[in-house]
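Beneath this line is the structure, given in structure tokens, with notes to follow.
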Amino acid sequence: MERTLSESNVRLYMSMSLDGFIAGPDDGPKSPMGTGGERLHSWLEEERGVGTRPTDPVNAQVFDEMMSTGAVICGRHTFENAGGFDGDHHDGVPIFVLTRSVPDEPAPGHARYVSDVAAAVRDAKAAAGDRDVMLHGASATQALLKAGLLDQMELHLVPVLLGGGRRLFDGVPAEFELVRALRPAADEDPDHQVLHLTYRRR
């Protein structure tokens, strides 16, 4: 059965270290993942580079789910570190960039700046139609958590301790339930190991 607009979910997709970091120390435009943070995206690389479809069936399934989303919400820090996704995160879907102050210059490509969290979620869901909305970034995640507007989380847990950097969660209480856990084949390259955990907010 096709979902109605109100059933569209905002889903966080985020690779995270065992100690809760989504980027290493000193992340910025010249080093988007910070010191050592590139390891968090190694499950996507598989010899071909980040952004290409992985060859492992489980990782490929998760990648396909991410790419099937109909809109993207992210924070300005994430957006700028990623070079504005060159104006197109995937398939020309609209990108809503949360920021405390809207710049004079418009965002590139399919992106636009939004300063109101509720408006960003409303507009992203409207744009996504019957598809889910992808959420990126620590500050955006915390903003949606505080507003009670984050429906689900897909955490890609990578078996590494970064020891410092940018945390995903910081001082925002919430309760979730685990609804799915996926992992690649047991004989997969250790550099590509990851546990995909899907949570739904209670």
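The values are calculated or read from the model by the stated rules, or taken from the named source; none is laboratory data. These numbers come from a predicted model, not from an experiment. Don't worry about glycine lacking a Cβ; one is built from the backbone with ideal geometry, like all the others, and counts go over all protein chains shown.
Applying the selection to the range 86-100, what residues are in contact with a strand residue (DSSP E or B) (Cβ under 9 Å, 6 or more places away or on another chain) and more than 22 Å from G129 (Cα to Cα)?
T99
What strands (runs of 3 or more DSSP E) lie completely within the range 37-140 and have 3 or more residues being aromatic (F, W, Y), surrounded by fewer than 18 Cβ atoms within 10 Å (Cβ to Cβ) and modelled with pLDDT of 95 or more?
none
Looking at L197, L155, L162, which one is outside any strand (DSSP E or B) and in contact (Cβ under 8 Å) with a residue 40 or more places away in the chain?
One residue alone meets the criteria, L162.
Suppose we filter L149, L155, L178, L144 for residues that are surrounded by 15 or more Cβ atoms within 10 Å (Cβ to Cβ), at pLDDT 95 or above and within 22 Å of L18 (Cα to Cα); which single one remains?
Unique residue meeting the criteria: L155.
Restricting attention to the range 149-192, which residues are closer than 17 Å to D56 by Cα and touching a helix residue (DSSP H, G or I) at 6+ places or on another chain (Cβ under 7 Å)?
H156, V158, L182, R183, P184, D191, H192
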